[in-house]
Amino acid sequence: MTALIIFLILALLLITGMPVSIALGLTVFTFLFGFSDVPMDSIALKLFTGIEKFEIMAIPFFILAGNFLTHGGVARRMIRFASSMVGHWHGGLGLASVFSCALFAAISGSSPATVMAVGSILLPAMVKQGYPSQFGVGTITSSGGLGILIPPSIVMVMYAVATSGMVVKGPNGEDVLSASIGDLFIAGVVPGLVLASMLAGTTVWRAWQNGYPRQQRAPLIDRWTAFRESVWGLMLIVIIMGGIYGGIFTPTEAAAVSAVYAFVVAVWVYKDIKLSEVPRVLLNSAAMSAMLLYIITNAVMFAFILTSEQIPQALSEWIVSLGLGKVGFLLVVNVLLLMIGMVMEPSAIVLIMAPILYPVAMALGVDPVHFGIMLVVNMEIGLCTPPVGLNLYVASSLSRLGLTEVTRSTWPWLLTMLLFLMLVTYVPAITLFLPSLMGM
């Protein structure tokens, strides 16, 4: 009954169109004043202790790094490199958009930013070369989802923050440690490459089926020139991943280093951003960070209320008693997250649902890293589904197509992503192979 009251209040507030962060906060205070005896001073304390986690600092730094690179010409140089490598295949520019999104995802951590950076350059180029707008929109909207799967990923940081410190039990009563940001980052590499390959396959198949144009094979000298021009952006991938797993710095420190590196590359190496434009980039990053941190703050309070009322534990015991097993539970979770993903933003979903679903998953013997990547893939699909898919809105604004047309254009790639979700869900080796190989 307590759980029903809490989620009914939240649902009613969200139906009004209220922002998720405010709805979460009002849900907590409405429940506190009307249905709970939890003292207010404990909530005040939780507000501070819940967000003083070192890992949270990674979020504004990754956002800042992504904004420097998005406002600069890094995306343009990466696109030129990708086009020189695969442009001569069927649907060359479409295929280049997939690999450009994969490359930019490895330095941005955000799906909408990836769609904006790659789509603003490649969509007009594809239309100019004779590709239908719908084909370009479909490839870039879906491939932009790689922004939160290929590390670094802001959504992975959210999952690590939402589940850190939780004391949960495994199927045999043993304590289960939550997944760290470093574990999640390395676990996202193989799934990200697999999904990029599957989306590329869908792109080539659609282009071959419809006879879309191909570019001439680029000479080796052009490929080398394109690589040399993009190497400063590509080096950021090496710095982040190499630094973390080489033991040089933590994921949070890697985020700070990436922000400084992106600033130096954009302002002094490529000189795409003038020093006078830096304050504007800082303000944009601060506004985006503040929005996410406000959601985190209210989600921490929401999770505290759930925990104090023993709702995750009760839900865990109830689902285990149903006898669904691991296979049935994961299927239910996927359906639930896909439905919620249609109407809510990924970061908010992870912060709300992870503390609820995580104890159940651990009680059924699901690996915490595997479960985290599965959640991220669900969020990735949610970004491409109406009515609230952010990637759809970005692609719609870039292509000047209506939301319905953009959604219809994305379906072939969306079906590919759903197939990939099933693979990731029921073949844990895809996620856990690389962490296991590294002894993590």
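Just so you know, all these numbers are worked out from the coordinates, no wet-lab data involved. Note that the coordinates shown come from a computational prediction; the quantities given were computed from them, not determined experimentally. Here the Cβ positions follow ideal geometry from the backbone for every residue, glycine too, while neighbour counts run over all protein chains shown.
How much length is gained if the chain between Gln310 and Ile5 is pulled fully straight, taking 0.36 nm per residue apart and subtracting their Cα-Cα distance, in nm to one decimal?
Length gained, Gln310 through Ile5: 108.4 nm.
Using 0.36 nm times the number of residues separating Met235 and Val167, minus their current alpha carbon distance, what extension gain do you get?
Gain in length upon complete extension: 20.7 nm.
Based on the Cβ-Cβ distance from Gln129 to Asp37, what FRET efficiency comes out when R0 is 56 Å, to the nearest 0.05? If you can, show how the numbers build up before the last one.
Values: r = 66 Å, r/R0 = 1.19.
With R0 = 56 Å, the Cβ-Cβ based efficiency is 0.25.
Please identify the helices of the chain, taking whole runs of DSSP H, that span at least 27 Å along their own axis as judged from the Cα atoms and have a mean Kyte-Doolittle score of -0.5 or higher. Don't skip to the end; give the middle numbers.
Values: long enough: 189-210 (32 Å, 0.80); 220-245 (34 Å, 1.11); 278-308 (44 Å, 1.52); 403-426 (32 Å, 1.02).
Helices meeting the span and hydropathy rule in the chain are 189-210, 220-245, 278-308, 403-426.
For region 160-228, state the average projected area of the convex hull of the C-alpha atoms over all orientations, rounded to one decimal in nm².
Reported value for the Cα convex hull: 9.2 nm².
Over all directions, the average projected area of the alpha-carbon convex hull for region 323-440 comes to how many nm²?
8.1 nm²
Put +1 on the Cβ of each Lys and Arg and -1 on the Cβ of each Asp and Glu in the chain; which of Val28, Phe48, Trp411 then has its Cα farthest toward the positive end of the dipole?
Farthest towards the positive pole: Trp411.
Please work out the ratio of the alpha-carbon Rg of region 68-217 to 2.2 N^0.38 Å and round it to two decimals.
Compactness ratio reported: 1.22.
Running Debye on region 87-141 with equal point scatterers at the Cα sites and no solvent, what base-10 log of I(q)/I(0) appears at q = 0.14, 0.22, 0.31 Å⁻¹?
Each listed q corresponds, in turn, to -0.31, -0.74, -1.28.
For region 240-332, what is the convex hull volume of its Cα atoms per residue in Å³?
Spread over its residues, the Cα hull of region 240-332 gives 185 Å³ apiece.
Show log10 I(q)/I(0) for region 1-127 at q = 0.11 Å⁻¹, two decimals, from a solvent-free Debye sum over equal Cα scatterers.
Taking Cα atoms of region 1-127 as identical point scatterers yields -0.64.
Mind putting a number on the dipole of region 159-285 about its Cα centre? Charges go on the C-beta only, +1 for Lys and Arg and -1 for Asp and Glu, and I need it in Debye to the nearest 20.
Its charge dipole is roughly 620 debye.
Sketch the reach of a paramagnetic label on Lys326 as a point 7 Å from Cα along Cα-to-Cβ, and name the residues of region 412-440 whose backbone nitrogen lies under 20 Å away.
Residues 420-440 qualify, since their backbone N sits under 20 Å from the label point.
For a footprinting-style exposure proxy, rank Tyr358, Tyr393, Tyr426 by other Cβ within 10 Å, fewest first.
Ascending number of Cβ neighbours within 10 Å: Tyr426, Tyr393, Tyr358.
Using the count of nearby Cβ atoms within 10 Å as a rough guide to exposure, how do Cys384, Cys101 rank from fewest to most?
With the fewest neighbours first, Cys384, Cys101 line up as Cys384, Cys101.
Please give the calculated 222 nm ellipticity per residue for the chain, where each DSSP H segment of at least 4 residues contributes -39500 (n - 2.57) and the sum is spread over every residue; nearest 500 deg cm²/dmol?
-24500 deg cm²/dmol
Neighbouring Cβ atoms within 10 Å as the yardstick, rank Val74, Val332, Val424, Val190 fewest first.
Val332, Val190, Val424, Val74
Would you please state the base-10 log of I(q)/I(0) at q = 0.14, 0.18, 0.25 1/Å for region 112-168, with intensities from the Debye formula using one equal scatterer on every alpha carbon?
-0.50, -0.66, -0.93
Considering all alpha-carbon pairs of region 180-282, what whole percent are spaced by more than 20 angstrom?
Tail fraction, whole percent: 63.
Bin width 20 Å, origin at 0, all Cα-Cα pairs of the chain: what percent of pairs per bin?
26, 57, 16, 1
State to the nearest 20 debye the size of the charge dipole of the chain about its Cα centre, where the only charges are +1 on K and R beta carbons and -1 on D and E beta carbons.
In debye, rounded to 20, the chain gives about 1680.
For Val168, what residues show an amide H to amide H distance below 5 Å, using hydrogens built from the backbone and excluding near sequence neighbours?
The answer is Val176.
Pulled fully out, how much extra length does the chain show between Val343 and Leu418, if you take 0.36 nm times their separation in residues and subtract their Cα-Cα distance?
Result for the pair: 25.2 nm of gain on full extension.
Quick one: if you stick a label point 7 Å off each Cα along the C-beta vector at Glu277 and Asp222, how many nm between them?
Each label point lies 7 Å from its Cα, and together they span 2.7 nm.
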